[in-house]
1. Quick one: which of 292, 269 is surrounded by fewer than 18 Cβ atoms within 10 Å (Cβ to Cβ), at pLDDT below 85, outside any helix (DSSP H, G or I) and more than 21 Å from the chain's Cα centre (by Cα)?
2. May I ask you to say which residue of 121, 113 is closer than 14 Å to residue 163 by Cα and touching a residue at least 60 places away in the same chain (Cβ under 8 Å)?
3. Look through 219, 195, 214 and report the one residue that is in a helix (DSSP H, G or I), farther than 28 Å from residue 51 by Cβ and free of Cβ contacts under 8 Å to residues at least 40 places away in the same chain.
4. Could you pull out the residue among 174, 227, 186, 178 that is surrounded by 15 or more Cβ atoms within 10 Å (Cβ to Cβ), in a helix (DSSP H, G or I) and either modelled with pLDDT of 85 or more or touching a helix residue (DSSP H, G or I) at 6+ places or on another chain (Cβ under 7 Å) (or both)?
5. Restricting to region 18-62, give me the number of residues that are assigned to a loop (DSSP other than H, G, I, E, B), at pLDDT 80 or above and either over 22 Å from the mean Cα position of the chain (by Cα) or exposed (fewer than 14 other Cβ atoms within 10 Å of the Cβ) (or both).
6. What are the pairs with Cβ atoms under 7 angstrom where one residue, in region 7-21, is under 11 Å from residue 278 (Cα atoms) and the other, located anywhere, is modelled with pLDDT of 80 or more and assigned to a helix (DSSP H, G or I)? Sequence gap at least six, or different chains.
7. Here are some conditions: (1) in contact with a helix residue (DSSP H, G or I) (Cβ under 7 Å, 6 or more places away or on another chain); (2) modelled with pLDDT of 85 or more. Residue 197 meets all but one. Which one does it not meet?
8. Residue by residue through region 108-137, note down the ones that are modelled with pLDDT under 85 and surrounded by fewer than 17 Cβ atoms within 10 Å (Cβ to Cβ).
């Protein structure tokens with residue numbers, strides 16, 4: 001782009017933009033906002049591999065973009081940039097990124113240690129410490145966003161298992177609500193800025209910026225996917241159709257526009273005011289075009305390219321058992337063959353996780369081989385919920401094996417397992433009448449039957465929790 005400006009290929013009027021300003025513009029315009037793409041993917045139900053590729057990019061792209069933007073802002077403020085300053089800038093990029101990650105991991109570990117103690121404030125603690133990670137990372141000059149990401153990764157892996165399911169659901173609900181409100185406020189701010197900012201239109205600069213953004217993203221995606229396909233050993237490749245979707249899904253959003261508005265015109269030299277307004281105008285046009293045109297047409301493009309959809313999964317004990325056996329079997333085969341592949345490495349890290357990390361960070365350490373038990377618990381909860389609400393039985397049992405959807409089979413199976421008469425269970429039919437009643441009797445009732453024993457109270461709480469989720 002800087003070469004086109006120097007060659008005069010952008011047309012009239014001639015622009016006076018130096019290399020530092022163009023680097024600053026390049027650092028902010030690479031911010032990708034694929035929220036709309038992820039929503040479309042989730043609505044269509046594309047396979048998880050493509051979904052997580054876009055999700056992973058959205059998770060790290062904004063954080064890296066802001067780090068680059070801050071480094072370029074420091075360079076713009078300097079009149080003469082030496083080789084030492086460039087080296088310091090490159091080193092500071094890694095320092096800011098990995099330093100922010102370290103702070104996030106520390107706050108995540110602190111969250112796990114606090115949630116090990118039984119408390120009704122666990123939800124508040126998790127949210128507050130994640131925000132503290134962002135604030136502390138920003139205060140020390142490192143990336144606050146990367147700090148929050150690191151803290152969230154540790155909390156999701158360990159801290160949520162220390163919390164009651166209702167507390168974990170509360171955290172998920174609050175964060176989702178805050179994210180939706182923040183997204184709306186950001187786009188509201190974008191609309192206000194369209195009317196309040198002084199915009200400078202330059203046809204050549206704006207259109208060439210859009211074209212080069214699309215070309216550069218295409219080259220980067222094709223290059224990176226070629227490397228990934230070359231080093232993958234499991235035989236799965238990123239197809240060309242998926243690569244086209246990744247290229248087309250490079251939507252610019254509110255992050256890029258917000259960074260453009262934050263540019264200090266006094267640091268851009270004599271033509272700083274004009275160049276700032278030109279950058280804001282260009283960023284605004286690219287944002288509106290990518291979201292309004294590309295975002296609205298990506299759903300038909302997914303269907304035209306025949307992107308594979310995620311097959312419907314079933315809550316099956318057989319499938320869960322087969323997956324667990326297959327993972328352990330492949331790791332054993334690699335050990336016998338004397339080859340340390342992906343399964344052996346994964347098994348090694350799982351051993352470290354179960355042996356040390358989870359024992360230190362969790363109140364009741366969860367094991368990887370509990371997958372079968374978790375599937376069993378989900379099945380039992382679904383079955384009981386179907387008995388409690390027969391009108392919703394078809395929806396509740398949609399993803400269970402066909403044999404379990406047979407009503408007569410359900411009655412006989414659950415009745416036998418609970419040592420009850422072969423009839424539809426009600427709230428009165430507790431799982432174990434040997435348990436002493438709760439004193440005082442809780443004011444918890446469903447229909448005309450009141451729950452009086454501890455197992456029934458816990459059972460109904462589990463069902464209510466499932467309905468809430």
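The values are calculated or read from the model by the stated rules, or taken from the named source; none is laboratory data. Treat the numbers as computed from the prediction; the structure is a model and nothing was measured. Cβ: placed from backbone, ideal geometry, glycine included. Neighbour counts: every protein chain shown.
1. Details: 292 fails: outside any helix (DSSP H, G or I).
Among 292, 269, only 269 is surrounded by fewer than 18 Cβ atoms within 10 Å (Cβ to Cβ), at pLDDT below 85, outside any helix (DSSP H, G or I) and more than 21 Å from the chain's Cα centre (by Cα).
2. Just a single option satisfies the conditions, and that option is 113.
3. On the way: 219 fails: farther than 28 Å from residue 51 by Cβ; 214 fails: farther than 28 Å from residue 51 by Cβ.
Only one candidate qualifies: 195.
4. Working: 174 fails: surrounded by 15 or more Cβ atoms within 10 Å (Cβ to Cβ); 227 fails: surrounded by 15 or more Cβ atoms within 10 Å (Cβ to Cβ); 178 fails: surrounded by 15 or more Cβ atoms within 10 Å (Cβ to Cβ).
Matching residue, one of 174, 227, 186, 178: 186.
5. So the count comes out to 1.
6. Qualifying pairs under 7 Å: 15/205; 17/275.
7. Only one criterion in (1) in contact with a helix residue (DSSP H, G or I) (Cβ under 7 Å, 6 or more places away or on another chain); (2) modelled with pLDDT of 85 or more is unmet by residue 197, namely (2).
8. Passing the criteria: 117, 118, 119, 120, 121.
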